[in-house]
Amino acid sequence: MSQTSQTLMPLDSEESPSSTPIPTSPNPPPNSTSTVLHLSFNQDSGCFAAGTDHGFRIFNCDPFREIFRRDFGPGGGIGLVHMLFRCNILAFVGGGSDPRYPANKVMIWDDHQSRCIGELSFRSEVKGVRLRRDRIVVVLAHKIFVYNFADLKVLHQIETIANPTGLCEVSHVSGTMVLACPGLQKGQIRVEHYASKRTKFIMAHDSRIACFAITQDGRLLATASSKGTLVRVFNTLDGSLLQEVDLTFLNSYILMLHVSKNLFCSFVYACVL
């Protein structure tokens with residue numbers, strides 16, 4: 001584990017693409033194609049990052065366009081990539097058939113220095129990472145670690161039920177932090193309110209949790225189960241159920257949830273044929 005020395009700078013530019021070329025590796029292989037290994041939105045959902053078997057790419061959502069690229073070449077597989085808003089700091093975990101880093105390490109990458117400025121090592125594979133300006137959250141199969149971003153000191157450890165997909169969400173309003181993660185029971189969500197030092201357990205579903213999302217201030221939680229027919233919205237402070245939407249008519253299961261700034265809940269689903 002090493003400390004980070006952060007200098008935050010915009011990763012993209014407001015200039016037109018023609019005047020700001022997208023960086024690539026010095027000698028990219030001709031006619032090369034990349035396989036996408038992971039996708040993640042940044043904290044305000046204004047853009048998203050794609051980890052590939054050769055590096056990573058950054059895309060703006062509206063208007064949609066590629067704004068940044070870093071190709072590491074062979075041996076550059078990035079299995080998890082997470083942005084810190086739109087700045088030069090990202091978190092990587094190696095992945096794919098030829099990973100750049102081990103699957104049990106989280107690497108803090110400063111793209112303006114083109115090097116890693118910190119790393120976190122674990123005894124098992126990293127399943128997920130979440131970033132705030134002041135915290136790094138690392139998700140393992142049965143445990144979650146919360147670190148201080150400035151010195152990478154561990155602040156909190158949470159035991160969870162088996163969590164193979166790395167489910168975990170954090171709020172992004174500065175000054176307060178709310179973390180939601182699987183509890184120790186099937187269908188249960190654990191919510192940590194760090195400002196008030198309160199923990200709330202919410203029995204969201206009877207079946208296994210498939211995905212969930214929280215608002216940027218952490219006040220609302222949207223959940224979906226592995227059955228994929230119900231989306232429920234809860235108050236994270238008292239655990240009360242505020243709304244329930246039945247999606248049985250879609251004949252589908254939900255893969256991803258997102259709660260926007262205006263509290264509109266959207267989702268990605270896969271149809272059952």
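Only the coordinates and a few stated rules stand behind these numbers; no lab work does. Here the structure is a predicted model, which is why all the values come from computation and not from measurement. FYI the Cβ positions are ideal-geometry reconstructions off the backbone, even for glycines, and counts take in every protein chain you see.
Observations on the structure shown:
- Neighbourhood net charge (15 Å Cβ-Cβ; Lys/Arg +1, Asp/Glu -1) for residue 193: +3
- Modelled FRET efficiency - R0 22 Å, residue 245 with residue 61, Cβ distances, 0.05 increments: 0.35
- Once the Kirkwood radius over Cα pairs is known for segment 106-249, the Stokes-Einstein relation at 10 °C and 1.306 mPa s delivers a diffusion coefficient of 100 µm²/s.
- Theoretical FRET efficiency, 1/(1+(r/R0)^6), r = Cβ-Cβ of residue 184 and residue 98, R0 51 Å, to 0.05: 0.90
- Under Karplus coefficients 6.51, -1.76 and 1.60, residue-wise ³J(HN,Hα) of segment 127-137 in Hz, glycine/proline x: 9, x, 9, 10, 10, 10, 5, 10, 9, 10, 10
- Highest mean first, the peptides 51-61, 154-164 sorted by other C-beta atoms within 10 Å per residue fall in the order 51-61, 154-164.
- All other residues whose Cβ lies under 11 angstrom from that of residue 226 are scored, Lys and Arg at +1 and Asp and Glu at -1, for a net of +2.
- The equivalent ellipsoid that matches the C-alpha gyration tensor of segment 43-86 spans semi-axes of 20, 11, 7 angstrom, in descending order.
- Peptide ranges 193-200, 115-122, 80-87 listed from the most packed, as the mean C-beta count within 10 angstrom indicates: 80-87, 115-122, 193-200
- Taking Cβ atoms as reference points and 15 Å as the exclusive limit, the residues near residue 162 contribute a net charge of +3, counting Lys and Arg as +1 and Asp and Glu as -1.
- Protection proxy ranking, highest mean first, for peptides 174-187, 125-138: 125-138, 174-187, where packing is the per-residue count of other beta-carbon atoms within 10 Å, averaged.
- For segment 215-222, putting each phi into the Karplus relation 6.51 cos²θ - 1.76 cosθ + 1.60 with θ = phi - 60° gives couplings of 6, 4, 8, x, 7, 10, 10, 10 Hz, in residue order, rounded to whole numbers and with x for Gly and Pro.
- Between segment 87-150 and segment 163-179, the Cα center-to-center distance that results, in Å: 15 Å
- Distance in nm between pseudo-label sites at residue 133 and residue 197 (7 Å out along the Cβ direction from Cα): 2.5 nm
- In order through segment 92-108: 3J(HN,Hα) via Karplus (6.51 cos²θ - 1.76 cosθ + 1.60), integer Hz, x for Gly, Pro: 10, 9, x, x, x, 6, 9, x, 6, 10, x, 6, 9, 10, 9, 9, 8
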